[in-house]
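The structure appears below as structure tokens.
The values are calculated or read from the model by the stated rules, or taken from the named source; none is laboratory data. Given the structure is predicted, the values throughout are model-derived calculations rather than measurements. Counting neighbours? That spans all protein chains shown, and the Cβs are built from the backbone with ideal geometry, glycine included. To get the accessible areas, we keep the full protein, side chains included, count just its heavy atoms, and leave off ligands, DNA and RNA. Shrake-Rupley method; radii C 1.70, N 1.55, O 1.52, S 1.80 Å.
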Amino acid sequence: MKKKLATIIICAVLAVAMMLTLVACNENYKQDAVATDLSDATVASNGGLAVQVGKYLYFINGYAAVDGENDFGEAVKGAIMRVELEAGSPKAGTLVTIVPKNVYNTNKEVGLTVYGDYIYYTCPSVEKGSDGAAKTANMWIMRTKLDGTDTQVLVKLEDYTTNFRIAGGSLVYLDAEYNLHSLDLNAKKIKDVTIVEEISSAMLTYDNLDSDIGGIFFVKRAENSANTNNEIWVYANGENKKVIDGKASYTNLAHPNGYTLSILDVQKIGSNVRLVYTKTDSGSNTTSKGDYYYDFDASFTFDATKEVRMTSGVNYTAYNFFDGNNVLATDSDSIDFLRAENGAWVSDVVIKASSATLLKVATKDNAVYATYLSNKVVYEIKVLDKVDNAYSVALSSAKTMFNTAFSADWQGLDMVGDCIYFFNSDVKNNTYYLDLSKVVDRSNNSLIATKLGKFSAEDNYAMLEGETEDK
């Protein structure tokens, strides 16, 4: 009887301990709504450090690293905050906290994404291991309404390799085993469903696209493992559809084994979705090697006779179709102007720069200007003249627009409208911004960036202590 009683007591103690563990792992996400006007909810610059939603800018308040304060309601550094915009620039006195969590990742392609009424982001896990420490090596995909309410954990993962994209009302992500998952965000009970296993890659980052294209493109090996070609598929309307078979989709093959395909980018051109991809022959003869694009309508149906070849033997790393078939393309040592002339594509170098990143292309006063990053300095340069609908190369001297030190441990520079947002590595990786529309050529004072968010108490103390030591 005593032994039985002791067993009951031990079981009760264990049950209480388990309950306490569960309580410790489950945060209370309840908070009051922040007054929010979404009468204009146009989204710009999804996927980075900052995203514009109508008159607001939502941003990550500094880089706190994986071990930063992450308890809901306690986190300041790394939290999602919001300011109002006035003439495209942050408005003083409008700062509010939307998500008091440490938003963090190691994948440079993962940042803030707004879809519908929610903002989606990633955080380290707060679940405790057997040693009582948070398992920060694990990543959670979370979402919160744009007014700060209804915070939810959607996906729990074991590392930070995963990227995600929202399209057609579904959040789609690729796990570490290269299985593609989908969560129907419109369902009453959101479930994580594996939609295809062991793919080669998925296009989850679009450099020049904020709108919902309704589908996610991904690459698979050929169904016949003996074949050397591969295939591009799309997940749309809840189904997987093969859109380009590197062998069967073509009637005139340059090589009998077909083609190997790789996705470069997805952009919206008019009412169509432009898929940009590389193609090369699956053999020693690579006469087909180059960059191509295809414009899909809502049916996602491919017709090889309408495929457009832009390059021969050359592959660019990024494309910005700023005006239909006129494009600035990035190479390892330059940015080139590509366009179709007399049925063929031609190119001219317009910016000579190593490992450059094109941040923005803008047309003003019948000229095209490119804003680009090279060697941690941002420049603006006139590259083209425009007469009616025709462009011609018209180079000028580059103007320095930004030269402040910034952290690239996770997010680098993010450009929203005319403003650049970044983690200032000279000020403990807190978030700063610079309005490029106010930069004056050869004026160093106009290049001084402004603090955007809020310093944590720890950073304030550390900077005060540093000043005291300097004295």
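Contact list please: Cβ distance under 6 Å, first residue in segment 52-75 and part of a strand (DSSP E or B), second residue modelled with pLDDT of 95 or more and of a type in the set (K, R), pairs at least six apart or on different chains.
Y56/R82; Y58/R82
Which one is nearest to A44 (Cα to Cα), of the residues in segment 113-144 that are assigned to a strand (DSSP E or B) and open to solvent by 40 Å² or more (accessible area, probe 1.4 Å)?
Y115
Specify which of the listed residues (A390, A370, A405) is free of Cβ contacts under 8 Å to residues at least 40 places away in the same chain and either open to solvent by less than 20 Å² (accessible area, probe 1.4 Å) or within 23 Å of the chain's Cα centre (by Cα) (or both).
The match here is A405.
Restricting to segment 414-437, what's the tally of residues that are open to solvent by 10 Å² or more (accessible area, probe 1.4 Å) and touching a residue at least 60 places away in the same chain (Cβ under 8 Å)?
Residues that pass the stated criteria total 10.
Filter segment 181-223 down to the residues that are in a strand (DSSP E or B) and polar (S, T, N, Q), then identify the one that is farthest from I269 (Cα to Cα).
Checked segment 181-223; the qualifying residue farthest from I269 (Cα to Cα) is T194.
Within segment 241-259, track down each residue that is surrounded by 16 or more Cβ atoms within 10 Å (Cβ to Cβ) and under 30 Å from Y120 (Cβ atoms).
V243, I244
Just checking, how many residues over segment 43-71 are open to solvent by 10 Å² or more (accessible area, probe 1.4 Å) and of a type in the set (V, I, T)?
Residues in segment 43-71 being open to solvent by 10 Å² or more (accessible area, probe 1.4 Å) and of a type in the set (V, I, T): 2 in total.
Looking at (1) open to solvent by less than 50 Å² (accessible area, probe 1.4 Å); (2) part of a strand (DSSP E or B); (3) not aromatic (F, W, Y), which one does T363 not meet, given that it meets all the others?
Here T363 clears every test but (1).
If a residue must be open to solvent by 50 Å² or more (accessible area, probe 1.4 Å) and not β-branched (V, I, T), how many such residues does segment 216-240 contain?
10
For A398, state whether it is of a type in the set (A, V, I, L, M, F, W, C) and either farther than 24 Å from L57 by Cα or open to solvent by 40 Å² or more (accessible area, probe 1.4 Å) (or both).
Yes, satisfied.
Please go through segment 155-172 and give me each residue that is open to solvent by 30 Å² or more (accessible area, probe 1.4 Å) and at pLDDT 95 or above, ordered by number.
K156
If a residue has to be farther than 26 Å from N272 by Cβ and either among the small types (G, A, S) or over 25 Å from the mean Cα position of the chain (by Cα) (or both) to count, how many in segment 311-350 make the cut?
Count: 6.
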